[in-house]
Amino acid sequence: MKKQELSWKAGGQQGEGLESLGEIFAAALCSLGYDVYGYRQFSSRIKGGHTSYKLRIANHPVATIASSCNLLIAMDPDTLEVDAPELTAEGILVTDAAWLEGKKPKVRTVALSWNELSKADGTTLPKNILALGITAALLGIDTAKLLPLLEKQYGRKGAEVMETNRLALETGYEYIKNNYYDLLAAFTMPELENPQPKLFMLGNEAVALGALTSGAKFMSAYPITPSSEIMEYMVKYAPAEGGVMLQTEDEISACTMAIGAAHAGARAFTATAGPGLSLMAEAIGLAEMTETPLVVIDTQRGGPSTGLPTKHEQSDLMAAIYNTHGDTAKIVISPSSIEESFYDTFEAFNLAEEYQCPVIVLSDLQLSLGKQSVTSLDYGKLQVRRGKLVKDGLPEIKSPEYFKRYDLEAEGSISMRVLPGTPNGISLGTGLEHDEVG
């Protein structure tokens, strides 16, 4: 099978539904068996400012976004300046005719009026779903395959909202059919052999799912781009697994609370970005000194300081390895795909408990906020390993003796770990240097 690809992009103002447009379209492609990589470019604001959503669609696995673009949907004039240069010579530009004044695009162009197209029987049709219908027409996708995804996205908002979105989808499709018939199915989707539906996962979702699957029961964190979706996932799904996500006042308390939960026996973790990792330095040292299993997810972004919150950078490696003062032992692992984000996060909790030390998982903005098609996750190869955790059966001790929590003669130089309240397991652990009993 010849490798084939197609790149699609939509640009507009934040708050115009660009993310919903990209999500619905990508979910449809994954349900049809295509390999997809999606990435949203955005600014540090809730509404307003230029944003874009780009998809790379292929008949083979893809692990990053494409530099060029075959089909560009311009939903604001900024798209013509910022994103249009990515169009290939054979590409198609969809834009408002009013924004073309004085411009002569060198590519095939669909010039329309978003305002006029959105008017329908006293209601205003959503521009993002109009764009979805236009996309379907230009790529030869039957709108019937998109309706179930619209229902999933908007059905809970009531029949009237769903009908408005259905009408917008059909209106966008019919506009191309009636006015640009020569461009109907102008691009054919990459050929597939034995198509199988795929998952479409955000990197942060894969991390959170890996944590939950490993048995993580406690997450404490402070919101920071680009890690916040891990918190959102845990808020939504952790309670059903007997877990909790606690939003703290800052990154220092987030890390120390996770250490406390891990000391009490829970698989616990926190998630942050570079600035938060800097604040956690002393607490990570505490986990090392007390030999407490701790998992820290670091979703790297641009720096230094608060730097570039919504831009990609991989500059935290040295900080992850060396940022704590003194001679500390920790494990740093870095996944290279969204699928690996799931497996590596799961394994991080095993390593933390086996070696009784902090484990830092290094992700980055693109891996955290990019979405990628995943064929399936093999739960059968996963195994929870809790290391030398002892819950009972310890020999009797008498005061003033203590359990040797930090036994220097332990096999493999890793001592037995006990939870608070374990019979005959009384021990002392502080952030100070200590002997075998603390």
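Sites listed here are trypsin sites (Lys or Arg not before Pro) in the range 10-75 whose DSSP assignment is loop and whose Cβ has at most 11 other Cβ atoms within 10 Å: Arg45, Lys47.
GNM remark for the chain: springs join alpha carbons under 10 Å apart, and the peak mean-square fluctuation among Ser413, Ser427, Ser334 falls on Ser413. Loop-located GluC sites (Glu not before Pro) in the range 114-217 (DSSP state other than H, G, I, E, B) with a sparse environment of at most 11 neighbouring Cβ atoms within 10 Å: Glu191, Glu193.
Which residue, Ile426, Ile24, Ile57, tops the fluctuation ranking in a GNM of the chain built on C-alpha contacts under 10 Å? Among Ile426, Ile24, Ile57, the largest mean-square fluctuation in the Gaussian network model of the chain belongs to Ile426. Note on the range 279-438: the C-alpha convex hull projects to 11.7 nm² when averaged across all orientations. Around Ile321, what is the net charge, scoring Lys/Arg as +1 and Asp/Glu as -1 over all other residues with Cβ under 14 Å from its Cβ? That sum, taken over residues with Cβ under 14 Å, equals -3.
By count of other Cβ within 10 Å, fewest leading, how are Leu117, Leu382, Leu130, Leu146 ordered?
Leu382, Leu117, Leu146, Leu130
Return Glu241, Glu340 ranked ascending by Cβ neighbour count within 10 Å, so the fewest neighbours appear first.
Numbers: Glu241 13, Glu340 18.
Ordered from fewest to most neighbouring Cβ atoms within 10 Å, Glu241, Glu340 come out as Glu241, Glu340.
For Lys371, the aspartates and glutamates whose Cα comes closer than 15 Å to its Cα, not counting residues fewer than 8 places off in the same chain, are Glu19, Glu23, Asp35, Glu205, Glu229, Glu339, Glu340. Order by neighbour count: Tyr402, Tyr181, Tyr39, fewest other Cβ atoms within 10 Å first, most last. Ascending number of Cβ neighbours within 10 Å: Tyr181, Tyr402, Tyr39. Under a point spin-label approximation (7 Å from Cα along Cα-to-Cβ), what is the Lys152-Leu428 distance to one decimal in nm? It works out to 5.7 nm between the two label points. The gain in end-to-end length when the Tyr402 to Ile333 segment is fully stretched comes to 21.3 nm, 0.36 nm per residue minus the alpha carbon separation.
Calculated [222 nm] ellipticity per residue, helices only, for the chain: -9500 deg cm²/dmol; basis is -39500 (n - 2.57) per DSSP H run with n ≥ 4, divided by all residues, nearest 500.
Lysine pair count for the range 5-197 (Cα-Cα distance under 22 Å; residues 8 or more apart in sequence or on different chains): 23. Which of the lysines could a cross-linker bridge to Lys404, judged by Cα under 18 Å and excluding same-chain residues fewer than eight apart? By straight Cα distance, Lys404 reaches Lys388, Lys391. Projection of the Cα convex hull of the range 5-197, averaged over all directions and equal to a quarter of that hull's surface, yields 11.2 nm². Comparing Gln356, Gln196, Gln41 in a Gaussian network model of the chain, where Cα atoms under 10 Å apart are tied by springs, the biggest mean-square fluctuation is seen for Gln196. Would you give the gap between the C-alpha center of the range 283-309 and the C-alpha center of the range 365-438, rounded to a whole Å? When both Cα centres are located, 20 Å separates them. Can you match Cα extents along the principal axes in Å to one of these, (1) 89, 46, 41; (2) 77, 52, 38; (3) 67, 59, 41, based on a calculation from the structure here? Read-out from the structure maps to (1).
Quick note: the coordinates plus some simple rules give every number you see, no bench work behind them. Since we're looking at a predicted model, the values are computed, not measured. FYI the Cβ positions are ideal-geometry reconstructions off the backbone, even for glycines, and counts take in every protein chain you see.
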